[in-house]
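Below is one structure, written out as structure tokens, with a few remarks after it.
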Amino acid sequence: MKDKILIIIPAFNEERSLGKLLKSISSIVPLKDVLVVDDGSQDKTAIIAKRAGSRILSQKTNQGKGLALRAGFDFALNSGYDAVITMDADGQHDPCEIPKFLAYYEEYKTALIIGTRKHDLSEMPFPRFMANTTSSLVASILTGVRVHDSQSGYRFIRKNLIEKINLKDRRFQMETEIIVKAARAGFSIGEVPIKTIYFKRFKSHINPLVDTVRFIKLSLQMLWR
């Protein structure tokens, strides 16, 4: 693949999982093309990223996933990358699926490719299932494009899309904001299936009730934007 791709990993207190994730990524992508955005962590997240050999961008305080991603996007644009792949730092995303995004892009030249999880109550906690189902339905209505997993943080985003759309949300809702604004700007959107990975020890930074309310508020605002 000729395009220069940056892997962006926003991370907040992820010392338990980040090292293993970076080691797995290193077998697929050189760590010089991986950026960990340390979002004000109070543990060893930044130290682990540096020791592994990835690039690191540290924010002094926790500002939210949306701002962490925006900082990563700015870094990618200023460093000459053609596209980014965003991943979560907690181990929910399997690096072995990175080639799926690249293959899909090579075939279709899609601007935004979303890694779509199977919505199965036997695999996904019920509060997350309801929050994701609700947000995906609303995102589909707002865009006119069927969106199956609007909250997935595993995605491929082309440079010209990042340059074109003006992102405002600071938190998790920005992932849905990207989809809506990309569709409205005429960019193509695709999906690739990814594994649904949850751990018994896993504690999401997402609050299903609070963040669903925030999402609904964002959706209502976007109706008039």
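Of everything listed in (1) closer than 21 Å to Arg155 by Cβ; (2) surrounded by fewer than 22 Cβ atoms within 10 Å (Cβ to Cβ), the single unmet condition for Thr86 is (2). Does Leu18 meet the test of being of a type in the set (A, V, I, L, M, F, W, C) and either under 22 Å from Ala103 (Cα atoms) or crowded, with 19+ Cβ neighbours inside 10 Å (or both)? Spelling it out, Leu18 is indeed of a type in the set (A, V, I, L, M, F, W, C) and either under 22 Å from Ala103 (Cα atoms) or crowded, with 19+ Cβ neighbours inside 10 Å (or both). Do you know which residues across region 185-216 are out of contact with any His (no Cβ under 9 Å at 6 or more places or on another chain), at pLDDT 90 or above and surrounded by 15 or more Cβ atoms within 10 Å (Cβ to Cβ)? Hits for region 185-216 are Phe187, Ser188, Ile189, Gly190, Val192.
Consider region 146-187 and keep the residues that are among the small types (Gly, Ala, Ser) and out of contact with any strand residue (DSSP E or B) (no Cβ under 7 Å at 6 or more places or on another chain). The one that is nearest to Asp39 (Cα to Cα) is Ser150. Are any of the residues in region 2-15 modelled with pLDDT of 95 or more, touching a strand residue (DSSP E or B) at 6+ places or on another chain (Cβ under 9 Å), surrounded by 15 or more Cβ atoms within 10 Å (Cβ to Cβ) and assigned to a helix (DSSP H, G or I)? Checked against the condition, which is being modelled with pLDDT of 95 or more, touching a strand residue (DSSP E or B) at 6+ places or on another chain (Cβ under 9 Å), surrounded by 15 or more Cβ atoms within 10 Å (Cβ to Cβ) and assigned to a helix (DSSP H, G or I), region 2-15 yields no hits at all. A single member of Leu77, Leu69 is in a helix (DSSP H, G or I), surrounded by fewer than 23 Cβ atoms within 10 Å (Cβ to Cβ) and either in contact (Cβ under 8 Å) with a residue 12 or more places away in the chain or among the small types (Gly, Ala, Ser) (or both), and it is Leu77. Looking only at region 136-164, residues that are more than 19 Å from Val192 (Cβ to Cβ) and crowded, with 19+ Cβ neighbours inside 10 Å come to 4 in all. In region 34-51, of all residues being touching a Gly at 6+ places or on another chain (Cβ under 6 Å) and under 19 Å from Gly66 (Cα atoms), the one that is surrounded by the fewest Cβ atoms within 10 Å (Cβ to Cβ) corresponds to Leu35. Scanning region 144-154 turns up one or more residues that are on the phi < 0 side of the Ramachandran plot and modelled with pLDDT of 95 or more. Would you please name the residue that is farthest from Ala103 (Cα to Cα), looking only at residues in region 21-50 that are in contact (Cβ under 8 Å) with a residue 60 or more places away in the chain and either touching a strand residue (DSSP E or B) at 6+ places or on another chain (Cβ under 8 Å) or assigned to a loop (DSSP other than H, G, I, E, B) (or both)? So the residue we want is Leu21. With respect to Ser24, is the statement that it is among the polar types (S, T, N, Q), surrounded by fewer than 17 Cβ atoms within 10 Å (Cβ to Cβ) and over 16 Å from Arg155 (Cα atoms) true? Answer is yes for this residue. In region 80-118, the qualifying residues are those that are assigned to a helix (DSSP H, G or I) and either among the hydrophobic types (A, V, I, L, M, F, W, C) or touching a helix residue (DSSP H, G or I) at 6+ places or on another chain (Cβ under 9 Å) (or both), and the one that is nearest to Asp3 (Cα to Cα) is Leu102.
The values are calculated or read from the model by the stated rules, or taken from the named source; none is laboratory data. Since the model is a prediction, treat every value here as computed from it, not as a measurement. Ideal geometry is used to build each Cβ from the backbone, glycine not excepted, and the neighbour counts take in all protein chains shown.
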